[in-house]
Amino acid sequence: MSTTTVVSETIQVVTFTITGKSSKPGNYAVPIEQVKEIRTVDTITKIPRSKSYVKGIMNLRGKIIPIVDVNEKIGVTNTETDSSKQRILVADVNDTLTGLLVDEVNEVQRLSLNEIEAPPDGSFEDGAYIKGIANIKDRLIVLLDVAKFLSDSAEAINDAMVSAPGNSTAPEVTTEETTAAPEETPSDVGNQP
């Protein structure tokens with residue numbers, strides 16, 4: 001008698017919530033290899049004449065990084081955000097750090113590739129950065145591709161970085177898609193203060 005073990009391919013993701021003005025919270029996720037760390041929201045310096053979804057810049061241990069509001073970028077307006085729950089996912093794409101402002105980080109979890117379906121054709125205006133949709137226990141989770149998400153925002157981010165006070169030599173955000181292993185693995189995310 002032989003025993004066969006089936007290994008299901010999984011990906012590990014950081015899940016987060018985006019709350020619209022008149023809707024229930026939406027569940028989103030990004031692959032953990034595209035997240036370097038998760039931070040509470042510190043001081044964000046606004047940049048004049050930048051796109052509305054580029055919230056500004058922040059100092060991350062001496063390095064200036066742009067902050068992109070995921071809600072505004074994907075077109076979900078929210079006027080009632082609990083700022084104490086907001087977090088910044090520091091994405092590392094092509095050796096360039098960018099902060100992604102989200103309403104609340106939920107957890108780090110594994111998703112089976114069998115649970116992820118392709119997004120319905122034509123259902124998203126800017127769906128190029130949606131990798132798929134997972135249905136976990138009657139909860140839909142939209143999986144975003146951070147590299148494509150930032151590639152779509154590269155010009156606005158570069159403009160904001162060049163306009164930043166004292167940062168005329170800001171590194172340019174590149175649009176080539178690669179993934180890098182995180183230096184720090186976000187853990188126990190659901191229990192952050």
Which GluC sites (Glu not before Pro) in the range 49-122 pass both tests, a DSSP loop state and at most 12 other beta-carbon atoms within 10 Å?
Glu80
Calc'd 3J(HN,Hα), the range 91-99, phi into Karplus 6.51 cos²θ - 1.76 cosθ + 1.60 (θ = phi - 60°), Hz, glycine/Pro = x, comes to 8, 10, 10, 6, 6, 10, 8, 9, x
Give me the one-decimal nm value for the distance between modelled label points at Glu9 and Lys85, 7 Å along each residue's Cα-to-Cβ direction.
3.4
Please compute the length gained on full extension between Thr43 and Val162, using 0.36 nm multiplied by the number of residues separating them and subtracting their Cα-Cα distance.
40.9 nm
Tyr28 accessible area, nearest 10 Å², 1.4 Å probe?
40
Sticking with the crude label model, points 7 Å out along Cα→Cβ, report the distance from Lys63 to Asp95 in nm, one decimal please.
1.1
Considering only Cα-Cα distances, which of the following residue pairs are longer than 31 Å: Lys46/Lys85; Lys36/Lys73; Lys51/Lys137?
Lys51/Lys137
Tell me, what is the 1.4 Å probe accessible area of Lys131, in Å² to the nearest 10?
90
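The values are calculated or read from the model by the stated rules, or taken from the named source; none is laboratory data. The shown structure was predicted, so the numbers you read here are calculated from the model rather than taken from an experiment. Don't worry about glycine lacking a Cβ; one is built from the backbone with ideal geometry, like all the others, and counts go over all protein chains shown. The area values use the complete protein model at the heavy-atom level, side chains included, leaving out ligands, DNA and RNA. Shrake-Rupley method; radii C 1.70, N 1.55, O 1.52, S 1.80 Å.
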